[in-house]
1. Take the conditions within 12 Å of the ligand (Cβ to nearest atom), touching a residue at least 24 places away in the same chain (Cβ under 8 Å) and buried (at least 24 other Cβ atoms within 10 Å of the Cβ) and apply them to Gly291. Does it pass?
2. Would you check which residues across the range 327-343 are out of contact with any helix residue (DSSP H, G or I) (no Cβ under 8 Å at 6 or more places or on another chain) and either within 16 Å of the ligand (Cβ to nearest atom) or in contact (Cβ under 8 Å) with a residue 60 or more places away in the chain (or both) and list them?
3. Just one of Glu247, Glu213 is more than 10 Å from the ligand (Cβ to nearest atom) and in a loop (DSSP other than H, G, I, E, B); which is it?
4. Can you pull out every residue in the range 92-106 that is within 23 Å of the chain's Cα centre (by Cα) and either under 18 Å from Gly47 (Cα atoms) or surrounded by fewer than 17 Cβ atoms within 10 Å (Cβ to Cβ) (or both)?
5. Pick from Asp192, Asp170: which is within 30 Å of Leu244 (Cβ to Cβ) and among the acidic types (Asp, Glu)?
6. Looking only at the range 65-83, which residues are surrounded by 18 or more Cβ atoms within 10 Å (Cβ to Cβ) and either under 18 Å from Val162 (Cβ atoms) or charged (D, E, K, R) (or both)?
7. Can you tell me which residue is nearest to the ligand (Cβ to nearest atom) among those in the range 99-120 that are without any contact (Cβ under 8 Å) to a residue 12 or more places away in the chain and over 19 Å from Lys166 (Cα atoms)?
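The values are calculated or read from the model by the stated rules, or taken from the named source; none is laboratory data. From a predicted model like this one, the values you see are computed outputs, not experimental measurements. Every residue, glycine as well, gets a Cβ built from its backbone with ideal geometry; the counts of neighbours run over all protein chains shown.
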Amino acid sequence: MIDVKDLVSYFESRDIGFFTGVPDSQLSSFCDYVEENCENIIAANEGNALAIATGYNLATDRYPVVYLQNSGLGNIVNPVTSLTHEKVYSIPIIYIIGWRGEPGVHDEPQHIKQGAITPDLLDLLDISHINITKDSEFNELVDAFENDFLEKLNNGESVAIVVSKKAFKDYKIKKENDNILTREQAIQTIVDHLTEEDIVVSTTGKSSRELFEYREALNQGHGNDFLTVGSMGHSSSIALGVALNTEKKVFCFDGDGALLMHMGSIALIGSKKPENFYHVMFNNSAHESVGGLPTIMNQIEIEDLVLSCGYYKVYNARNLDELKEVLPLFIKDQGPVFLNIDVDISSRKDLGRPTTTPNENKNEFKKRLGL
Ligand SMILES: Cc1ncc(C[n+]2csc(CCOP(=O)(O)OP(=O)(O)O)c2C)c(N)n1
């Protein structure tokens, strides 16, 4: 196991002190530590982080650190191949990558393919990498940098530390906001107001897990719900594609981190104006599902943002009473409309995961749409 404090101290001894990325549960000790102690920018998406890191390097000549879950590798492929690669601008980057779906380690379906191709993908991108596991010693990492990586960085190449489960010692900072409603209460309250006809497209992380568990508890089946278990940030675009092709009401259950990740989608929804589109955002201004580090959503005037994109109306709820009051109005309104629900940064410790496969869910969902 590696103490994140030792790793960051080592970086500092080599004049490496700028961090940017998207939080990951497997990297939570590292992410918490740099958030508390270092210059750190939590980016909207991983490509965004890489671009910020590039600007930092251009302006300082120092090596930036970009951290991400391996799901985010897809978001960096374009800026790696067309911006930072040696064949383009040769920007040296140190990546810290959480390895979900590592072969031989049990994980969820959305991580399996990306987990299997992670080392090969890094090879294809010409990013040298070292894997650290719970058995790794700090010295191995230092040796890799001293004997190999620092020289590569000096030549404009990029390097990566690929982090297996439990490779970092625990380090945790407290995260809370002033909200009182839980995301799970909000999800259950909305589901209670939906009809058998209404469709839900839910976002990546615990929102989809909470929705799945509530449908289980109600014995309603899962055919009305498309769970966007991977592809963070895309649930609203999936919902748009569905809404434009069905007469049913389509509810997107979004997270603030997910909405920020691909915020262009709300401009598209606002311009296409599907009248059956109901966008709900569970707003904790945090990436709760992966440890609770902040997003910048609480610095945004959501109403101005969404209305300027072309939505007709924005509703707000800060507690259960307000939610119960606005829900009937929201659901009766003509879309696209938006409901911002302020929720706390918490989830149940014993929250389960979908017990049916993504393909089973997809087939049920399509059947419900009449296919
Ligand atoms: C492209 C990509 N990057 C990162 C992740 C890891 N990840 C899963 S859920 C999540 C946080 C989601 O935050 P938000 O949308 O605000 O929802 P919350 O968990 O707070 O309800 C992250 C970063 C991912 N699945 N995919």
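1. On the way: within 12 Å of the ligand (Cβ to nearest atom): yes; touching a residue at least 24 places away in the same chain (Cβ under 8 Å): yes; buried (at least 24 other Cβ atoms within 10 Å of the Cβ): no.
No: the conditions fail for Gly291.
2. In the first step, residues of the range 327-343 are kept if they are out of contact with any helix residue (DSSP H, G or I) (no Cβ under 8 Å at 6 or more places or on another chain); the result is 329-330, 332-334, 342.
Passing the criteria: only Asp342.
3. Working: Glu213 fails: in a loop (DSSP other than H, G, I, E, B).
Every option except Glu247 fails the conditions.
4. Looking only at the range 92-106, we keep the residues that are within 23 Å of the chain's Cα centre (by Cα), and these are 93-103, 105-106.
Passing the criteria: Ile93, Ile94, Tyr95, Ile96, Ile97, Gly98, Trp99, Pro103, Val105, His106.
5. On the way: Asp170 fails: within 30 Å of Leu244 (Cβ to Cβ).
Of Asp192, Asp170, the one residue that is within 30 Å of Leu244 (Cβ to Cβ) and among the acidic types (Asp, Glu) is Asp192.
6. Within the range 65-83, Val65, Val66, Tyr67, Leu68, Gln69, Asn70, Ser71, Gly72, Leu73, Asn75, Ile76, Val80 qualify.
7. Initially, the range 99-120 is screened for residues without any contact (Cβ under 8 Å) to a residue 12 or more places away in the chain, giving 104, 106-107, 112, 117, 120.
Of the ones still in play, those that are also over 19 Å from Lys166 (Cα atoms) are 117, 120.
On the way: Ile117: 15, Asp120: 19 Å.
This residue is Ile117.
For (1) outside the structural domain of Ala44 (by TED's automatic domain parsing); (2) not polar (S, T, N, Q); (3) not in a loop (DSSP other than H, G, I, E, B), each residue gets a yes or a no:
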position: Arg100; (1), (2), (3): no, yes, no
position: Pro103; (1), (2), (3): no, yes, no
position: Gly115; (1), (2), (3): no, yes, yes
position: Pro119; (1), (2), (3): no, yes, yes
position: Asp170; (1), (2), (3): yes, yes, no
